[in-house]
Amino acid sequence: MAAAAEEESAAREPAARPAAGPALWRLPEELLLLICSYLDMRALGRLAQVCRWLRRFTSCDLLWRRIARASLNSGFTRLGTDLMTSVPVKDRVKVSQNWRLGRCREGILLKWRCSQMPWMQLEDDSLYISQANFILAYQFRPDGASLNRRPLGVFAGHDEDVCHFVLANSHIISAGGDGKIGVHKIHSTFTVKYSAHEQEVNCVDCKGGIIVSGSRDRTAKVWPLASGRLGQCLHTIQTEDRVWSIAISPLLSSFVTGTACCGHFSPLRIWDLNSGQLVTHLGSDFPPGAGVLDVMYESPSTLLSCGYDTYVRYWDLRTSVRKCVMEWEEPHDSTLYCLQTDGNHLLATGSSYYGVVRLWDRRQRACLHAFPLTSTPLSSPVYCLRLTTKHLYAALSYNLHVLDFQNP
């Protein structure tokens with residue numbers, strides 16, 4: 001803490017370029033930036049210890065951008081888009097080393113008495129989490145590793161447990177065990193609930209004013225979000241299998257369903273969003289029962305999936321729809337309930353036993369680190385994962401856990 005305070009103090013103080021010293025320091029800053037851009041993280045850190053001016057100079061975002069793009073969970077996407085322009089890149093690289101080395105501090109944000117199957121979402125400084133048949137909204141404290149105990153809001157309406165929900169256009173769209181979809185405005189009391197499926201709605205997604213839902217009744221449906229058309233089904237797709245997961249493409253032209261794999265077809269299928277027609281199957285060698293419990297698009301042409309067959313698969317529609325381009329196997333042969341990614345190199349998965357969260361570097365086959373969050377008597381799946389550049393949040397049967405990588 002003292003070193004961090006000293007560095008922050010030095011960064012605030014104006015530091016003039018040294019009048020004397022090697023001829024290198026008299027070069028224009030543009031040339032110095034070019035030269036220093038070839039240095040690695042350790043060399044930049046050592047150079048920063050020479051004097052205050054070099055400490056300020058070597059803290060420039062341009063020098064750390066290349067290093068950050070190669071680091072885990074530093075706020076850069078695979079294409080180089082910076083998702084956190086307000087945070088210095090050097091600071092993010094420092095925290096990234098904790099992700100790489102598995103250095104973190106574990107804590108519990110919330111507890112509940114009865115066993116739950118919670119789902120959660122993050123938005124700005126708020127956390128939304130389902131408990132039984134309602135959804136609670138909490139505000140994070142500034143450290144991001146604790147919550148204000150009093151909820152910001154409570155969103156109810158389902159007669160049975162909330163199975164899944166998403167945030168879109170200042171709305172919460174929830175899927176319930178009662179076969180209904182709920183639409184709640186976050187900043188008002190507006191709530192609409194309508195019958196969507198004959199059995200529980202296992203999954204839902206919403207983008208571009210369109211809702212898609214999947215159910216145990218072996219159908220997927222497309223709905224409008226427009227207030228005057230809520231509950232009017234646009235398409236009903238007979239999937240001939242129970243739908244466990246669903247996601248809309250970023251291009252808003254198609255969506256993917258993950259099903260139970262109890263038929264003679266792939267559990268991953270892509271459907272046209274406008275017509276409801278089948279576009280393609282993904283994969284050809286799934287064993288029976290290899291249901292897909294979580295699926296997510298990373299880009300219009302790439303997506304990730306996981307489920308009962310213990311694999312995470314990375315698909316690139318530009319190369320092949322018959323075979324994934326990369327896969328990672330859960331080493332203890334556990335079902336994978338959920339996954340999250342930083343959009344670049346980091347992958348996090350939640351297993352079915354002992355609340356095991358695993359971190360993966362997608363450039364490697366082997367798991368980087370494993371964090372068992374429950375003991376043997378309280379073994380629980382990890383039902384949902386969410387992450388920021390500083391924290392990982394894991395929802396289990398009785399607790400909401402946090403792994404703090406900023407202050408390990």
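Points worth noting:
- Taking ASP241, ASP316, ASP125 in turn, the Gaussian network model of the chain (Cα-Cα springs below 10 Å) assigns the largest fluctuation to ASP125.
- Here Rg and Dmax of the Cα atoms in Å was calculated from the structure, and among (i) 22.7, 73; (ii) 23.5, 80; (iii) 22.6, 87 it sits at label (ii).
- Here is how the number arises for the chain: DSSP H runs of 4 or more residues each give -39500 (n - 2.57), the sum is divided by the residue count, and the result at 222 nm is -3500 deg cm²/dmol.
- For segment 357-408, the per residue solvent-accessible surface stands at 36 Å², with DNA, RNA and ligands left out and a 1.4 Å probe.
- Positive-end residue, the chain charge dipole about Cα centroid, Cβ charges, pick of SER86, TYR337, SER213: SER86
- Loop-located trypsin sites (Lys or Arg not before Pro) in segment 224-326, at most 11 other Cβ atoms within 10 Å (DSSP): ARG318
- Each Lys and Arg contributes +1 and each Asp and Glu -1, all at the Cβ; summed about the Cα centre of segment 268-344, the dipole is approximately 360 debye.
- Loop chymotrypsin sites (Phe, Trp or Tyr not before Pro), segment 175-274 (other Cβ atoms within 10 Å of the site Cβ: 16 or fewer; DSSP): PHE190, PHE265
- Residues considered: PRO142, PRO381, PRO118. Largest GNM mean-square fluctuation over the chain, using C-alpha springs under 10 Å, is found at PRO142.
- Per residue solvent-accessible surface (Å²) - segment 60-103, probe of 1.4 Å: 48 Å²
- Surface composition of the chain: carbon plus sulfur atoms contribute 52% of the solvent-accessible area (1.4 Å probe, protein chains only, all chains present).
- When +1 charges are put on Lys and Arg Cβ atoms and -1 charges on Asp and Glu Cβ atoms, the dipole computed for the chain relative to its Cα centre reaches about 1100 debye.
- Entry note, segment 25-88: relative contact order of 20 percent, from Cα contacts under 8 Å with a spacing of 6+ residues.
- Dipole of the chain, positive direction: furthest Cα of TYR314, ILE237, ASN274, with charges on the beta-carbon: TYR314
- In segment 261-359, GluC sites (Glu not before Pro) in a DSSP loop with at most 16 other beta-carbon atoms within 10 Å: none
- Considering only ASN98, TYR383, CYS60, and ranking their Cα positions along the charge dipole of the chain that arises from unit charges at the beta-carbon of Lys, Arg, Asp and Glu, the one farthest toward the positive end is CYS60.
- To the nearest 10, the accessible area of MET296 is 40 Å² with a 1.4 Å probe.
- Over 18 Å apart at the Cα level, from the set LYS180/LYS221; LYS185/LYS221; LYS193/LYS221, are LYS185/LYS221.
The values are calculated or read from the model by the stated rules, or taken from the named source; none is laboratory data. Because the structure is predicted, anything quoted here is derived from the model rather than measured. Here the Cβ is made from the backbone with ideal geometry for all residues, glycine too, and neighbour counts use every protein chain on show. Calculation scope for accessible area: heavy atoms of the full protein, side chains included, ligands and nucleic acids excluded. Shrake-Rupley method; radii C 1.70, N 1.55, O 1.52, S 1.80 Å.
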